[in-house]
Amino acid sequence: MRAILRAFGFAGLGVIAVIVGLNNVLARLPADTPHAGDALSPPSPQFPFGTDLFGRDVASEVLHGLAVTVGHAGVAMLVTIVMGGALGFVAVRFPLRAGTPLRWLAGVLGSVPPLFLAILMIGLTSRDFAAEAAGLAAAPLAFTRAFDRSRSLARSRHSEFARATGIPMTTLLRRDLIYEIRDNFLSTAARSLAAVTITLATVSFFGFGASPPRRDLGLMIAAARESYFDAWWTAAFPALALMAFILCARLAASLDEGEQP
Amino acid sequence: MSERRLAISELTVAAAGRAELDCFSLAIDAGETVVLLGEAGCGKEAVMRVLAGAPGEAVSGTLQYGGAQPERAVKIGRTPLRTVYLPSVPAQPLSPHASVASQLIRAIARKLGAPRATARAEFALALERLEGAPPLSAFDKTPAALPRESLAWGLFAAAFAQTPELVLADHALSGLAPTQARQLARALLAEQKRQGFAILYAAMNTQVAAWLGGRVLVMRHGKIVEEGPIARLATAQAHAYTQTFFKAVASASPAYGAPRASGRGQPVLQAYGVECARASAKRPGDGLTFELRRGASLALLGEDGSGRSALVRVLLGLDRPRAGRVVLDAVDVGILAEKMLLRLRRRVAMIAGADDLLDPRMTLWDTVSEPLRAHLKLSRELVANYRDSALKRVGLASLPGDCAVRDLSAFDKRRLQVARAIVGAPLLAVIDEPLRGLDAFAQSVMCDLLRNFRAQEGPAFLVITSDFAVAQALCEEAMVFKDGRVIERGLLADLVRAPKEAQTKALIEATLLPSP
């Protein structure tokens with residue numbers, strides 16, 4: 001069953017990747033084109049997702065917003081994997097137990113909601129670094145997870161057996177990394193993708209993330225706050241696109257603690 | 001005339017297109033012991049499975065419990081007979097997440113249809129009856145936190161607390177030290193006398209059959225090929241397969257081991273007054289001093305937890321000694337940094353009975369090649385040559401090279417460890433319970449492989465075992481451990497002939513077959 005769910009998740013992510021790749025072709029209008037139609041027109045054959053307060057085609061905007069969201073989430077996911085997962089995995093084998101204080105620090109940072117960390121980092125840099133900030137905000141949890149996994153591998157009987165017969169630490173680390181990437185990379189990446197997407201969308205919703213004209217789905221939902229009760233389509237379609245993306249990522253991660261990186 | 005407990009008639013079981021049981025018939029009376037003896041896959045597992053209520057696919061034949069009407073084996077649900085399944089500890093029958101006590105008490109309560117409190121009291125009573133069993137409070141831990149023998153006591157006590165009429169013991173003594181296994185076998189027989197239940201025991205080797213007595217059925221390809229008491233089967237086999245089986249048992253015995261002169265060559269391992277930090281406190285100056293020369297062999301004999309593994313960890317520099325000095329290949333281990341220790345340990349090989357010593361994710365080829373790649377700058381072709389040669393020697397060359405270790409059988413994993421040891425051309429081989437949990441044929445093959453390895457590569461053997469037969473098959477000298485201390489040492493032949501300590505005698509007795 002889990003394998004089927006994973007397959008569905010990856011298939012969904014594949015479809016989304018194709019849509020993102022072809023967003024300029026699939027979208028009828030360029031991003032942030034006002035007055036394409038009447039303001040707040042309901043879904044119709046001409047505008048399948050309706051129009052927003054400024055007469056923009058919501059379908060085109062959702063396609064462009066999805067591309068921005070996916071692009072930012074991809075960057076954030078890479079930051080999380082490198083600064084969290086990879087660093088945490090390697091830190092266990094640092095000489096003189098140097099990884100232990102890092103694990104402690106990551107544990108402390110991990111207890112702070114990633115959203116607050118992301119907003120703090122955006123404040124310290126700029127909103128252009130929202131993706132990197134979201135990735136870094138999710139990194140502590142990814143670090144602790146990878147650190148603990150790596151520590152259990154390093155303490156396993158087969159690792160001890162290898163050390164007892166003179167196999168160097170670097171060989172063991174390389175071995176563990178190769179098998180970890182082969183066996184767990186895709187699910188870890190998918191889990192991180194889901195987590196950072198939630199953070200990124202929320203950051204944008206609060207106005208700390210993406211800025212016009214490059215609007216992401218979070219910002220689109222935020223912009224639809226004023227019109228939502230009169231024109232549900234302005235927020236519902238961006239929200240559905242966001243939900244579909246996060247759901248696919250979580251399915252690809254076998255629904256394994258989707259909120260954790 | 002004894003009351004009939006179970007009659008199996010014309011039972012045939014097929015799985016994956018192969019007949020596991022072929023018209024198997026058997027009758028067991030109350031108070032009787034029947035041992036199904038044979039190598040892995042001979043059909044005894046299928047008998048256990050059917051009787052435990054999980055027949056699997058393609059089953060025919062009938063089962064008759066007590067005086068009830070015969071039923072088709074495929075439709076057996078709740079049996080009219082109180083049947084208890086007694087698994088082995090290595091089969092990991094309990095969940096790793098809950099305490100042993102809670103799981104066993106739940107099983108007793110369910111079987112007796114009684115409240116938990118009653119089941120707990122029954123379990124405690126059963127434990128009290130068993131001489132040598134830990135108290136109930138010792139089982140308030142997860143299975144991983146309990147010593148193997150304590151877990152076995154718990155499983156046995158839980159089985160007895162269910163007041164069974166038939167005990168299905170599925171290799172229940174497998175994976176235990178001989179002295180512990182023998183003690184449990186005695187407890188099983190004592191309870192059988194008390195409660196009058198019948199025992200159907202699936203065994204891989206003759207030792208258990210000898211302890212339990214009763215009727216022994218030698219099985220092969222799902223059929224009984226010979227039947228009789230173990231004393232007769234051990235000396236006069238009628239069927240060709242039984243002869244082969246008992247020959248394999250004998251080949252793992254000392255008579256087949258070519259004795260080598262001990263103490264030849266340069267010293268490989270020297271210990272001077274070594275005291276292990278993990279061992280219990282002893283008198284000052286009670287440290288261990290010995291020397292192991294190239295090509296020599298030494299057995300560290302004792303029960304599990306007697307301090308042998310702690311000593312080996314100190315000898316290999318994995319742990320620091322509380323006192324004393326260890327010299328490995330003419331280098332003092334105590335003064336070396338970890339990096340240099342790793343270099344020194346390149347000349348050490350390890351072969352162990354535990355199946356988790358090889359990385360389950362690695363492939364067959366990678367497992368054997370890793371020491372060569374890590375230690376030597378050899379070309380791919382040369383690595384492949386050494387690897388293939390080693391795999392051929394241990395009989396694994398026919399397996400696909402990309403086969404993952406996790407998919408191998410226990411026997412294949414042991415042979416793979418030997419192959420990995422061979423390519424390393426070690427000076428010292430640490431061998432820890434190499435035959436534990438294997439059937440007679442596999443034990444015979446492993447013994448031959450280890451002897452061949454020693455004869456060709458010439459490493460010194462340091463063998464950790466609780467089985468005198470294994471020690472005799474692989475070593476010339478031995479030290480007997482008890483509570484972290486060496487209580488007796490010398491040539492194995494002398495120890496067997498005239499043991500001085502009670503512990504040594506107990507270890508020897510636990511591995512002897514009864515005289516016919």
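The values are calculated or read from the model by the stated rules, or taken from the named source; none is laboratory data. Quick caveat: nothing in here was measured; it's all calculated off a predicted structure. Please note: Cβ atoms are built from the backbone with ideal geometry, for glycine as well, and neighbour counts cover all protein chains shown. The area values use the complete protein model at the heavy-atom level, side chains included, leaving out ligands, DNA and RNA. Shrake-Rupley method; radii C 1.70, N 1.55, O 1.52, S 1.80 Å.
Here is how the numbers come out for the structure above:
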read-out: Nonlocal amide H pairs with B:VAL35, under 5 Å, H built at 1.01 Å; value: B:TYR201, B:ARG215, B:VAL216, B:LEU217
read-out: Share, in percent, of DSSP beta bridges within segment B:161-233 that are antiparallel, nearest 5; value: 50
read-out: Residue-averaged 222 nm ellipticity for chain A, from DSSP H runs of 4+ at -39500 (n - 2.57), nearest 500; value: -22000 deg cm²/dmol
read-out: Nitroxide proxy distance, nm - points 7 Å out along Cα→Cβ at B:LEU491 and B:ALA68; value: 6.1
read-out: Share antiparallel - DSSP beta bridges, segment B:428-516, percent rounded to 5; value: 55
read-out: For B:374-385, mean number of other protein chain Cβ atoms within 10 Å; value: 1
read-out: Within-9-Å neighbourhood charge of B:ALA478 [Cβ basis; K, R +1; D, E -1]; value: -2
read-out: Cα long-axis angle, helix B:440-457 against chain B (0 to 90 degrees, to the nearest 10); value: 10
read-out: Simple spin-label estimate for A:VAL82 and B:GLU3 in nanometres, 7 Å along Cα-Cβ; value: 7.6
read-out: Cβ neighbours within 10 Å from other chains - mean over A:155-162; value: 6
read-out: Helix B:364-375 vs. chain B, principal-axis angle (Cα, 0 to 90°, nearest 10); value: 20
read-out: DSSP beta bridge pairing in chain B, given as percent antiparallel to the nearest 5; value: 55
read-out: Ranked order, B:LYS377, B:LYS44, B:LYS111, B:LYS392 - accessible area, probe 1.4 Å, largest first; value: B:LYS377, B:LYS392, B:LYS111, B:LYS44
read-out: Mean residue ellipticity (222 nm) of chain B, computed from DSSP H runs ≥ 4 via -39,500 (n - 2.57), nearest 500; value: -11000 deg cm²/dmol
read-out: Set of aspartates and glutamates near B:LYS377 by C-alpha distance (under 20 Å), chain-local residues within fewer than 8 positions excluded; value: B:ASP366, B:ASP388
read-out: Cross-link partners of B:LYS413 among lysines (Cα-Cα below 25 Å; sequence separation of 8 or more within a chain); value: B:LYS44, B:LYS247, B:LYS392
read-out: Cleavage-rule hits (chymotrypsin sites (Phe, Trp or Tyr not before Pro)) in segment A:126-230: DSSP loop, at most 11 neighbouring Cβ within 10 angstrom; value: A:PHE229
read-out: Segment A:1-56 versus segment B:401-444: alpha-carbon centroid distance in Å; value: 58
read-out: Fraction of accessible area attributable to carbon and sulfur, chain B (%, probe 1.4 Å); value: 51
read-out: Heavy-atom accessible area per residue - chain B, 1.4 Å, Å²; value: 42
read-out: Cα point-scatterer Debye curve for segment B:327-423, base-10 log of I(q)/I(0) at q = 0.12, 0.22 Å⁻¹; value: -0.42, -1.10
read-out: Relative packing of peptides B:324-334, A:32-42 - highest average C-beta neighbours within 10 Å first; value: B:324-334, A:32-42
read-out: Cα-based helix-to-principal-axis angle, A:2-21 vs chain A, degrees rounded to 10; value: 50
read-out: Segment A:71-198, accessible surface, carbon-and-sulfur percent (1.4 angstrom probe); value: 71
read-out: Solvent-accessible area buried by pairing A with B, both sides, nearest 100 square angstrom, 1.4 angstrom probe; value: 1900
read-out: Probe 1.4 Å, accessible area per residue of chain A, Å²; value: 48
read-out: Segment B:75-140: GluC sites (Glu not before Pro) in DSSP loop, at most 16 other beta carbons within 10 Å; value: B:GLU131
read-out: For segment A:185-214 versus segment B:1-64, the gap between their alpha-carbon centres in whole angstrom; value: 60
read-out: Shape of chain A, Cα gyration tensor, a/c cut at 1.5; value: prolate
